[in-house]
Amino acid sequence: MSKVKIISDSTCDLSEELLAQFDVAVLPHPIVRDGELLQDNVTITPDDIYRHYEQTGGLCTTSAPNAYDYEMCWKHWLDEGYEIVHFTISSEMSTAYNQAMLAAEETGHVYPVDSRTLSTGIGLLVLEACDLREQGLSAEKIAAKVREDADKCQASFLVDVIEYLWKGGRCSSVAAIGANILKLKPRIDVLNGNMLSTKKYRGRTTKCFAAYADDMLKGKDNIRQNRIFITHSGIDPDIIELVRTKINEWQPDIENIYVTRAGGTISCHCGPGTLGILYMYE
């Protein structure tokens, strides 16, 4: 039986503890700040991204690893006799998957997976792959199974600071001004591999996040019970605890509630104060 290594782009937003627990490696995604290419959570952190915006008014942007980056990331494991399952952010949002496919054609023994999602939506698929590895499946079979399950991932975020969406071109200046005046907070869902604004919540921050949690959790009888993620880009701990309480209220049989801090991708696009609830459907 061949050895299997699970690797993901850093866009999976799994914590260091989870990466260690499940034996997952990551390839840092490039982040561009004033033309300088930096590495997500290695040479630039989300707080650095926010500080740059506060000081200059300029957004950092995300890029994608190239084929050579992937080959270099995989080389150690391939040399050790591993087969690899590698997860990328949705191909609708980035060229990462295409670059991984080009690299895999050169190296062999690597099975790239287009997650069709982002953040811990990817993380959910990564951990599923780890579960399948524990069952003894080959890399090829693991990749095939998680590709089938990609559309069962529910990934959404509620955004508190609208300026990042506006500056990044994901909403108009009129919509941004209106949202600020009316105290509207947009919900971003990943649908068909893309980030789309699907609903707006109005009122105090706590009220909005409570309503968002109710929408995502109440009456949902087909959520997989093994794990759920609360992923945020830097937020009041009371909001995290509010959402955790909502999970326990509406989904009391969830086995693991993981809280993680989002990396560069969510931070660049959505800014601070963003929080998401992410899970898999049966």
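The values are calculated or read from the model by the stated rules, or taken from the named source; none is laboratory data. Treat the numbers as computed from the prediction; the structure is a model and nothing was measured. Neighbour counts run over all protein chains shown; Cβ positions are idealised from the backbone, glycine included.
Residue 156 meets the conditions (1) crowded, with 19+ Cβ neighbours inside 10 Å; (2) among the small types (Gly, Ala, Ser); (3) in a helix (DSSP H, G or I) in every case but one. The failed one is (3). Given the criteria acidic (Asp, Glu), under 20 Å from the mean Cα position of the chain (by Cα) and at pLDDT below 95, does residue 92 qualify? The answer is yes for residue 92.
Return the only residue of 87, 157 being among the aromatic types (Phe, Trp, Tyr), under 30 Å from residue 210 (Cβ atoms) and under 17 Å from the mean Cα position of the chain (by Cα). Testing whether each residue is among the aromatic types (Phe, Trp, Tyr), under 30 Å from residue 210 (Cβ atoms) and under 17 Å from the mean Cα position of the chain (by Cα) leaves just 157.
Taking helices (runs of 4 or more DSSP H) as the structural unit, those lying wholly within region 1-109 and holding at least 2 residues that are among the hydrophobic types (A, V, I, L, M, F, W, C) correspond to 16-21, 67-79, 96-107. Scanning region 252-282 for residues that are buried (at least 19 other Cβ atoms within 10 Å of the Cβ) and among the polar types (S, T, N, Q) yields 260, 265, 267, 274. Among residues of region 224-241 being surrounded by fewer than 16 Cβ atoms within 10 Å (Cβ to Cβ) and over 26 Å from residue 22 (Cβ atoms), the one that is nearest to the chain's Cα centre (by Cα) is 236. Taken over region 208-239, the residue count meeting the criterion of being of a type outside the set (Asp, Glu) and closer than 30 Å to residue 132 by Cα is 18. For region 245-268, indicate whether the set of residues that are aliphatic (A, V, I, L, M), within 21 Å of residue 164 (Cα to Cα) and not assigned by TED's automatic domain parsing to the domain that holds residue 93 is non-empty. Looking through region 245-268, at least one residue is aliphatic (A, V, I, L, M), within 21 Å of residue 164 (Cα to Cα) and not assigned by TED's automatic domain parsing to the domain that holds residue 93.
For (1) among the aromatic types (Phe, Trp, Tyr); (2) at pLDDT below 95; (3) within 24 Å of residue 59 (Cα to Cα); (4) not assigned by TED's automatic domain parsing to the domain that holds residue 235, each residue gets a yes or a no:
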site: 138; (1), (2), (3), (4): no, no, no, yes
site: 160; (1), (2), (3), (4): no, yes, yes, no
site: 174; (1), (2), (3), (4): no, yes, yes, no
site: 182; (1), (2), (3), (4): no, yes, no, no
site: 188; (1), (2), (3), (4): no, yes, yes, no
site: 194; (1), (2), (3), (4): no, yes, yes, no
site: 204; (1), (2), (3), (4): no, yes, no, no
site: 207; (1), (2), (3), (4): no, no, no, no
site: 216; (1), (2), (3), (4): no, no, no, no
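The residues of region 26-47 that are surrounded by fewer than 17 Cβ atoms within 10 Å (Cβ to Cβ) and not polar (S, T, N, Q), listed by number, are 32, 34, 35, 36, 37, 42, 47.
Please determine whether any residue of region 54-61 is at pLDDT 95 or above and surrounded by 13 or more Cβ atoms within 10 Å (Cβ to Cβ). No, region 54-61 contains no residue that is at pLDDT 95 or above and surrounded by 13 or more Cβ atoms within 10 Å (Cβ to Cβ). Would you check if there is a residue in region 2-10 being aliphatic (A, V, I, L, M) and in contact with a helix residue (DSSP H, G or I) (Cβ under 6 Å, 6 or more places away or on another chain)? Yes, that holds for at least one residue. Can you confirm whether region 116-127 contains a residue that is buried (at least 20 other Cβ atoms within 10 Å of the Cβ), more than 14 Å from the chain's Cα centre (by Cα), assigned to a helix (DSSP H, G or I) and touching a residue at least 40 places away in the same chain (Cβ under 8 Å)? Checked against the condition, which is being buried (at least 20 other Cβ atoms within 10 Å of the Cβ), more than 14 Å from the chain's Cα centre (by Cα), assigned to a helix (DSSP H, G or I) and touching a residue at least 40 places away in the same chain (Cβ under 8 Å), region 116-127 yields no hits at all.
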